[in-house]
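**Student:** Below is the structure I would like to discuss, written out as structure tokens.
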Amino acid sequence: MARTVWDSTVGKKTVMAVSGLIMLLYLVVHMIGNLKIFFGAGEFNHYAHWLRTVGEPFMHYEWTLWLVRIVLVVAVVAHATSAYQLSRRDIRARPSKYVHKKPRASYATRTMRWGGIILGLFIVWHILDLTTGTVHSGGFQEGRPYQNVVDTFSTWYGNVIYVVAMLALGLHIRHGFWSAAQTLGAGSRTRDRALKATADILALLLTVGFIAVPVGVMTGLVS
């Protein structure tokens, strides 16, 4: 039964929609946490430590954080796999170009594929930079996330990578949220305008919220 659902186009779109909404929820929480950096090193570092102690004493140190990470990895893999397979299925369904051009799609729609690739590469870089410290620009300091963030956004390439990725994220959310709503049956002629407005607002708030951190470092508000 599960295999049959997964093999269907509707099943893959549903997996994309659910996994996308899981990641969207995480992004909202993550952005709010990131903005704590404007309250100073003590506040931001305390927040980072709190993430590792959530659920104690019932949950062991970092268990909740690792549970969240596992859910996110599963969501990312499911989202990327279903997107790739749907893309291949779409290409096989129309191997030759259309004789007549289709109506011009929105910029977000036409960039969903390469935007997803950019975000995938960014996730890898972001983890290696601020979680493991493998590609960190300065001397990575374990337990001092505030200083690590400042170090990253004190470099031109750190800012460029992050800003480009966040712009791609905004476009991805703008189209993806509305598409997920349609897939899950939340869309209708009467709700369509509200859903599109919600998608625009979410995309704008998340893009601005995430970009605010490197801008804060560049302007000296965070140092």
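Here, each number is a calculation from the coordinates, and none is a lab measurement. Owing to the predicted nature of the structure, the values given are computational and were not obtained by experimental measurement. Cβ placement follows ideal geometry from the backbone for every residue including glycine, while neighbour counts extend to all protein chains displayed.
**Student:** May I ask you to evaluate 6.51 cos²θ - 1.76 cosθ + 1.60, the Karplus curve with θ = phi - 60°, for each residue of the stretch 170-186 and list the ³J(HN,Hα) values in order in whole Hz, giving x for glycine and proline?
**Tutor:** x, 5, 5, 5, 4, 7, x, 4, 5, 5, 5, 4, 5, 4, 8, x, 7
**Student:** Same structure again: Based on the Cβ-Cβ distance of Leu205 and Ser8, what FRET efficiency does E = 1/(1 + (r/R0)^6) give at R0 = 35 Å, to the nearest 0.05?
**Tutor:** Numbers: r = 34 Å, r/R0 = 0.97.
The formula returns an efficiency of 0.55 here.
**Student:** I'd like the Kirkwood hydrodynamic radius of the stretch 170-223, using the inverse of the mean 1/r over distinct C-alpha pairs, in Å.
**Tutor:** Details: mean 1/r = 0.0808 Å⁻¹.
Kirkwood radius, the stretch 170-223: 12.4 Å.
**Student:** Set the Förster radius R0 to 22 Å, insert the Cβ-Cβ distance between Ile127 and Thr219 as r into 1/(1 + (r/R0)^6), and round the FRET efficiency to 0.05. Walk me through the intermediate numbers first.
**Tutor:** Working: r = 26 Å, r/R0 = 1.20.
E(calc), rounded to 0.05, equals 0.25.
**Student:** Lysine pairs in the chain with alpha-carbon atoms under 28 Å apart, 8 or more places apart or on different chains: how many are there?
**Tutor:** Summing the qualifying lysine pairs gives 10.
**Student:** Okay, moving on. How about the stretch 1-98: which chymotrypsin sites (Phe, Trp or Tyr not before Pro) there lie in a loop by DSSP and see at most 13 other Cβ atoms within 10 Å? Display every interim value, and only then the final one.
**Tutor:** On the way: sites: Trp6, Tyr26, Phe38, Phe39, Phe44, Tyr47, Trp50, Phe58, Tyr61, Trp63, Trp66, Tyr84, Tyr98; in loops: Phe58, Tyr61, Tyr98.
Filter output for the stretch 1-98: Phe58, Tyr61, Tyr98.
**Student:** On to the next question. Around Lys13, under 12 Å between beta carbons, what's the net of Lys plus Arg minus Asp minus Glu among the other residues?
**Tutor:** Values: positive: Lys12, Arg89; negative: Asp90.
Surrounding charge for Lys13 is +1.
**Student:** Please report the net charge: other residues with Cβ closer than 13 Å to the Cβ of His136, K and R +1, D and E -1. Kindly include the intermediate steps, with their values, before the conclusion.
**Tutor:** Values: positive: Arg144; negative: Asp129, Glu142, Asp151.
Combined, the nearby Lys, Arg, Asp and Glu give -2.
**Student:** For every helix of n ≥ 4 consecutive DSSP H residues, a contribution of -39,500 (n - 2.57) applies; sum these over the chain, divide by its total residues, and give [θ] at 222 nm rounded to the nearest 500 deg cm²/dmol.
**Tutor:** Numbers: 9 runs with 163 residues, N = 223.
Calculated mean residue ellipticity at 222 nm is -25000 deg cm²/dmol.
**Student:** Calculate, for Arg88 and Gln182, the FRET efficiency according to 1/(1 + (r/R0)^6) with r their C-beta to C-beta distance and R0 25 Å; round to the nearest 0.05.
**Tutor:** On the way: r = 21 Å, r/R0 = 0.85.
Efficiency for this residue pair is about 0.70.
**Student:** Over the C-alpha atoms of the chain, what are the Rg and the largest Cα-to-Cα span, Dmax, in Å?
**Tutor:** 19.6, 65
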